[in-house]
Amino acid sequence: MNLYAHFSDRIAAALDQLKSDGILPAGTQPRGITVEPPREAGHGDIATNAAMVLAKPAAMAPRELAQKLVALLERDEDIASVEIAGPGFINIKLTDAFWPRILLAVLENRGGYGRSEVGAGEPVNVEYVSVNPTGPLHVGHGRGAVFGDALAALLKFAGFKVTTEYYVNDAGAQVDALARSAFLRYREALGEAIGDIPEGHYPGEYLKVVGESLARAHGDRLAGMDEAEWLPLVRDFAITEMLTGIKADLALLDIRQDVFFSERSLIEGGTDKVAATIEELREKGFIYEGRLPPPKGKLPDDWKDREQTLFRATEFGDDVDRALVKSDGSYTYFASDMAYHHDKFKRGFKIMIDVWGADHGGYVKRVKAAVKALTGGEGELDVKICQLVRLFRGGQPVKMSKRAGEFVTLREVVNEVGPGPVRFMMLYRKNDAPLDFDFIKVTEQSRDNPVFYVQYAHARAYSVFRNTLDVFPGLDPESLNPKKLKFSLLNNEAEISLIRKIAQFPRIVEAAALAHEPHRVAFYLYDLSGDFHSLWNRGKELPQLRFINSANRDLTEARVALVSATAEVLASGLRILGVQPIREMR
């Protein structure tokens, strides 16, 4: 049950009655009406702006229309009180007798509570990680990987048909540099002294493994070849090896994408999709031959004032028009990216979500402009930028990895603290905010460690179930028949407050999915855990609030059901984030 959707229907029925009574014009459309939690919990359980939105078509003052609507809502047996606030907001407080329906919905649906059909099966492509296959993943890549994977899970939970994707940048100068670097390590594996790694090559020691694999696969055969011969062979071999390592690193976080899309496939295989994309835009009048103004500030050494093939990006919101062909006749990265997003759209994805690193913020406008031009406005591209991750250990910056050469690898972080803490902490900040990750803090057992606080709540719930069996053998959540429980015994304000928080979960899921913001789920789980811990602690102070009452089985059953519903929502939310719920803390 989505509490707010449920009462949205009731408010809509009341508005229909006002139309029947002639107070609202018959054709009035309820666009812009919200039904949501009040800004302050003390104002009630539900707030709506219906009277303010419809006052103009009703030719009435908002408060006057609100009074008409309140008179109808007060007849609802589930509504305890209705008040008008400010210029015409309506605040609704529900009866205590209503809240057991939320527990019933959770316990009857178990893992399905909170699932939504708001996505209506709409195909969505979520592309994330997509780093050049030239080295192992670092912790910054890990943030984008976790964000994209959790967003995909959230969208699936909300009813979208999701395809996850990795765009493999296996064309261009960077993979040729990878091949030359791997070839150096191959010569080293054959026993040759290679000296210092030349500038323009990748220095990381991780390529020693690739060089050794090349030596095992080819012996010394490659050493006698010219570069033109060995380069494509080594390039393909190195890319495959690096992708295997990247996939293994992602698997540590239980991330496995559906599609690995090769950039080279855009221009190989008999069809040049980049050229076809440029030609399609040319036919629409969005391509021209011209000159670009020089970049602001100091000119790059490789800048030339020349006539070139340009995309009219400024017609679609970009700052300048964009070049598509380099002086040597090869395509720019942007031209390939245009063709790639065009390919996504032709595969049936009108909704595309790209998760990029912090250094790609300046690239957003041009790709969005391309999608608008190529899809006639039908395609929707949302680019989510994941800001930097700063690593600390007890407040001190963490030094770089010797193996990677320039950064701390994702594998090192996961191996030290585990996948659950990594995933949760990566999601406990909005993606566009910098993230400080402290190895000590993410493993300490305190409220200041969000992942521990949430996991402890889930584990505490299961400790209740184990302790209940000691007092009432056979009484566990699975044995309860929710329809026969005496939920009316749950009448303490702390218990009702916890149910209110549980009731917010379906709305949180929908709002987070539509906004593409999985961090909202992490924040919600922390708040829900806080309410649960608070109720637990009150039971220590007030024996009548303890979950287990040895003299009252009916009350114990109702409270076990409340604890079970809490655990169900915690588990569902954690699984959306890709974190395994823990039943016992060790």
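Computed quantities for the displayed model
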quantity	calculated
Meets criteria (at pLDDT 95 or above and either crowded, with 20+ Cβ neighbours inside 10 Å or out of contact with any Gly (no Cβ under 9 Å at 6 or more places or on another chain) (or both)) for Ala71	yes
Residue satisfying all of: in the stretch 446-456; out of contact with any Asp or Glu (no Cβ under 9 Å at 6 or more places or on another chain) and assigned to a helix (DSSP H, G or I); surrounded by the fewest Cβ atoms within 10 Å (Cβ to Cβ) among these	Tyr453
Residues of the stretch 11-51 classified as assigned to a loop (DSSP other than H, G, I, E, B), touching a residue at least 40 places away in the same chain (Cβ under 8 Å) and among the polar types (S, T, N, Q), total	1
Residue ID - farthest from Gly245 (Cα to Cα), chosen from residues in the stretch 411-445 that are of a type in the set (Gly, Ala, Ser) and assigned to a loop (DSSP other than H, G, I, E, B)	Ala433
Residue check for Glu289: within 30 Å of Thr314 (Cα to Cα) and in contact (Cβ under 8 Å) with a residue 12 or more places away in the chain	yes
Test: Ala228 is surrounded by 17 or more Cβ atoms within 10 Å (Cβ to Cβ) and either modelled with pLDDT of 95 or more or touching a Pro at 6+ places or on another chain (Cβ under 8 Å) (or both)	no
Segments classed as strands (runs of 3 or more DSSP E), wholly inside the stretch 65-145, with at least 1 members that are more than 30 Å from Ala251 (Cβ to Cβ) and not basic (Lys, Arg)	79-85, 89-94
Which listed residue is free of Cβ contacts under 8 Å to residues at least 40 places away in the same chain, polar (S, T, N, Q) and not assigned by TED's automatic domain parsing to the domain that holds Lys486, from Asn125, Asn132, Asn109	Asn109
Considering residues of the stretch 29-67 that are more than 24 Å from Phe98 (Cα to Cα), modelled with pLDDT of 95 or more and charged (D, E, K, R) only, the residue nearest to the chain's Cα centre (by Cα)	Arg63
Where Asp436 falls short, out of the listed (1) more than 30 Å from Glu283 (Cβ to Cβ); (2) of a type in the set (D, E, K, R); (3) crowded, with 16+ Cβ neighbours inside 10 Å; (4) in contact with a strand residue (DSSP E or B) (Cβ under 8 Å, 6 or more places away or on another chain)	(3)
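The values are calculated or read from the model by the stated rules, or taken from the named source; none is laboratory data. All values reported here derive from a predicted model rather than from experimental measurement. All Cβ positions, glycine included, derive from the backbone under ideal geometry; neighbour counts span all protein chains shown.
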